[in-house]
Amino acid sequence: MMKAIKNLKTIISKICLTAFLLLVTLTSCNSKGKATSNVVASVDGKAISSDLYSKELRFYQSYYSKVYGESFLEKKSKNGKSNDQILREELIDSMIKDQVMKKDLEANKIKLDDNGTNNLRNNLSDKLNGEDSLKANIVALGFNENSINEILYNDYIRKAHYDLFLKNNHIKDKDVVDFYNKNNKLHRQYKYNVLVFDDKNVAKNIKDKLTDAKSFQSYLNKNARNYSIINSDFVYIDDPILSASKVKKKDMISDIFEYEGKFCILMINSYNENENELLLKAKDIYLEKAYYDYLNKLIKESKIKVFV
């Protein structure tokens, strides 16, 4: 898996449900309460049931096991926790944030109905090339329609809350331009390709044959190959794989570098230096940060108890 596990719940939702999700960590307002078998946490007295938590946990455990292998959840991260432990903790945090968002939506008289969930489902179906494909994916994960609809409903809450923030925010274009001008990394994006090897000797053998950009590109088009390929979207210079490669210039081929247990060779194939596009992307980043601040404020004002 060529992706850092920073927030398992966030990553799975981005991949499967395509809704806007959060990377915010719950603040010190959390407190441990007396354990109860029916409740895993509460927000201002509103309980989050252990049944709902268990149902979502099974969904994500099933997803990761099927996509990344049965042993994935047992693997440990740098902090010594297994991926399963991280998933459990992130899931509690995510469900608490959902409850905080729902409370704020209710306070702003935003009603949640089936139409929002149905729209997300239709969008997901379109991305998966039809309803039959969506149902096949549901069956493959060992779940049913009700389970998927509950997950989609949670994504609907997140989208509705972000839309509420966008509607009520008072951010000026000048703020975004100032933010862009002060952050040099936002002035250019990079798109790259990576040859990914399981065996370092195989990587060395091919690296010796890469003399220029054209020779590198030839390995992207081979039908028979003993390596996999990553084709990135446009990213910033601090992208994890790009940073690990230590390459910053177009058409420069990296040395072999190790990333998440694989041996990689990377080449940047193009830049994005279109200022209008980069300003729009900077605005998204600025709004996202402002939203995190807004949500953190709501969390701090909430009385949160965790029972697990």
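Just to be sure I understand the filter: pairs with C-beta atoms under 7 Å, separated by 6 or more residues or on different chains, first member in region 109-122 and closer than 18 Å to Phe165 by Cβ and modelled with pLDDT of 80 or more, second member surrounded by 12 or more Cβ atoms within 10 Å (Cβ to Cβ) and β-branched (Val, Ile, Thr). Which pairs pass?
That search, which allows pairs on different chains as well, returns Leu112/Ile157.
Within region 104-136, count every residue that is surrounded by fewer than 16 Cβ atoms within 10 Å (Cβ to Cβ) and within 23 Å of Asp51 (Cα to Cα).
3
In the list Asn146, Asn129, which residue meets the criterion of being in a helix (DSSP H, G or I), among the polar types (S, T, N, Q) and either at negative phi or more than 21 Å from the chain's Cα centre (by Cα) (or both)? Break it down stepwise before answering.
On the way: Asn129 fails: in a helix (DSSP H, G or I).
The unique qualifying residue is Asn146.
Quick check on Ala244: is it within 30 Å of Ser94 (Cβ to Cβ), surrounded by 13 or more Cβ atoms within 10 Å (Cβ to Cβ), without any contact (Cβ under 8 Å) to a residue 40 or more places away in the chain and not charged (D, E, K, R)? Even if it seems obvious, please write down each step before you answer.
On the way: within 30 Å of Ser94 (Cβ to Cβ): yes; surrounded by 13 or more Cβ atoms within 10 Å (Cβ to Cβ): yes; without any contact (Cβ under 8 Å) to a residue 40 or more places away in the chain: yes; not charged (D, E, K, R): yes.
Considered against the rule, which asks whether it is within 30 Å of Ser94 (Cβ to Cβ), surrounded by 13 or more Cβ atoms within 10 Å (Cβ to Cβ), without any contact (Cβ under 8 Å) to a residue 40 or more places away in the chain and not charged (D, E, K, R), Ala244 comes out as yes.
Of a type outside the set (Asp, Glu) and assigned to a strand (DSSP E or B) - does that describe any residue in region 196-217? Steps first, answer last, please.
So in region 196-217, the residues of a type outside the set (Asp, Glu) come out as 196-197, 200-207, 209-211, 213-217.
Keeping just the survivors that are assigned to a strand (DSSP E or B) gives 196-197.
Yes, region 196-217 contains at least one residue that is of a type outside the set (Asp, Glu) and assigned to a strand (DSSP E or B).
The values are calculated or read from the model by the stated rules, or taken from the named source; none is laboratory data. Here the structure is a predicted model, which means the values were calculated and not measured. Positions of Cβ are backbone-derived with ideal geometry, glycine not excepted, and every protein chain shown enters the neighbour counts.
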